[in-house]
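Input: a single structure, listed below in structure tokens.
Just so it is clear, none of the values below were taken in a lab; they were calculated from the coordinates. This one's a predicted model, so the numbers in the text were calculated from it and none came from an experiment. With ideal geometry, Cβ positions are generated from the backbone for all residues, glycine too; neighbour counts draw on all protein chains shown.
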Amino acid sequence: MAQGSLRASVLMCHAPIVIPALGRADTAQCLATTAAMAEAASRLAASGAERVVVLSPHAPRPARAYGHYDGKALYGDFGRFGEPQLAARFEGDPMTIAAVRAEAAGEGLALEGLAGGLDHGALVPLWFLREAGWLGKVSVFGFPWEPAPGDHRAFGGAIRRALDGLGAPWALLASGDCSHRLRPGSPSGYDPRAHAFDRDLAEGVREGREADLPRELSPLRSLAAEDVIDSLEIAMGAIGEPREGRAFLSYEGPFGVGYLVAVLQEGRP
């Protein structure tokens, strides 16, 4: 495997409750997800990646540009979830940002810097990655509110070319939760059809059909109130085909939101 190659790609949820220090007693209801998050992080950490690119649907969204957090250091805490003392710092990666910006420009895609601390879409999976002992460079990208058809795949390809061109092994971390409407009292309300979205998504990931899911699930996205498809589509643009080392790790939805964790691609260090 080439020195600058993509070593691993994982799909992780971003529900703070799956972190035991945050969820406390409630974490007992999502133990499978917590264990899967730890496994995905451990496999990424063991991949030999020196850089990690995070795709977060909760980063602030410019109208038509892909966002990125600036700086040589990235910081985030869980203050908005009542635990400001739970915080972490990560080494930023301005070199990756610059390389992605250049490749994206060639596709007609704009990038825009984001201010502030890391959003929970990035911080939750990165928390597990830090607990797995990974200490490399991190770049976090958000998405535009109004992408044109094909933009996400093109942006994923730009990420792949940029990172491979930097000559260091890297990994991709796609963050996203499934439906937010699985039961009455769910964060975004309830829709009985939301279960169909999660069922078809989990089945597609289990079968390795992630590249087809954005198109297949398009009619259900709005009613499901999901935030996983954008991340998944960019990831597939970056990973490409064929893929090796796929693994479906877990799916559950104990609080009315679906949590899916999987290894999308894994090479050998």
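What are the residues whose amide H is under 5 Å from the amide H of Ser250, where those residues sit 5 or more places off or on another chain and H is modelled from the backbone?
For Ser250, the qualifying residues are Val261.
Evaluate the relative contact order of segment 1-139 (contact order divided by residue number), counting alpha-carbon pairs under 8 angstrom at least 6 apart; express in whole percent.
Working: 199 pairs, mean separation 48.0, N = 139.
Relative CO of segment 1-139 lands at 35 percent.
Rounded if a/c is under 1.5, else prolate if a/b is larger than b/c, else oblate: which is segment 1-84, with a ≥ b ≥ c the root eigenvalues of its Cα gyration tensor?
Because a/c hits 1.5 or more and a/b fails to exceed b/c, segment 1-84 counts as oblate.
Based on Cβ point charges of +1 for Lys and Arg and -1 for Asp and Glu, what charge dipole magnitude is obtained for the chain about its Cα centre, in debye rounded to the nearest 20?
Working: 26 positive and 33 negative charges, 55 e Å.
The dipole of the chain has a size of about 260 debye.
Could you work out the helix-only [θ] at 222 nm for the chain, with each DSSP H run of four or more residues adding -39,500 (n - 2.57) and the total divided by the number of residues, to the nearest 500 deg cm²/dmol?
Helix-only estimate at 222 nm: -10500 deg cm²/dmol.
Between Gly67 and residues 5 or more places away or on another chain, which pairs have amide H atoms under 5 Å apart, with H built 1.01 Å from N, and which residues are they?
Glu112, Gly142, Phe143
For segment 61-202, what's the relative contact order in percent, using C-alpha pairs closer than 8 Å and at least 6 residues apart?
Numbers: 187 pairs, mean separation 39.9, N = 142.
That works out to 28 percent.
Kindly put Ser56, Ser218 in sequence by how many other C-beta atoms sit within 10 Å of each C-beta, fewest to most.
Fewest-to-most ranking of Ser56, Ser218: Ser218, Ser56.
In terms of modelled amide H atoms, which long-range or inter-chain residues lie less than 5 Å from the amide H of Gly92?
Those lying under 5 Å, H to H, from Gly92 are Ala73, Leu74, Val138.
Just rank His120, His195, fewest to most, by other beta-carbon atoms within 10 angstrom.
Ascending Cβ contact count within 10 Å gives the list His195, His120.
Using a ≥ b ≥ c from the Cα gyration tensor of the chain (square roots of the eigenvalues), is it rounded, prolate or oblate, where a/c under 1.5 gives rounded and otherwise the larger of a/b and b/c decides, a/b for prolate?
Judged from the Cα gyration tensor, the chain comes out rounded (a/c under 1.5).
Using Cα-Cα distances under 8 Å and only pairs 6 or more residues apart, what relative contact order does segment 6-266 have, in percent?
30 percent.
If neighbour count is taken as other Cβ atoms inside 10 Å, put Lys72, Lys137 in order from fewest to most.
Lys72, Lys137
Under 1.5 on a/c is rounded, so check that first for segment 75-212, then, if it is not, pick prolate when a/b is larger than b/c and oblate when it is not; a ≥ b ≥ c are the square roots of the alpha carbon gyration tensor eigenvalues.
oblate
Using the Karplus curve 6.51 cos²θ - 1.76 cosθ + 1.60 with θ = phi - 60°, work out ³J(HN,Hα) for each residue of segment 79-90 in order, rounded to whole Hz, and write x for Gly and Pro.
Calculated HN-Hα couplings, in order: x, 5, 10, x, 10, x, 6, 7, 9, 8, 10, 9 Hz.
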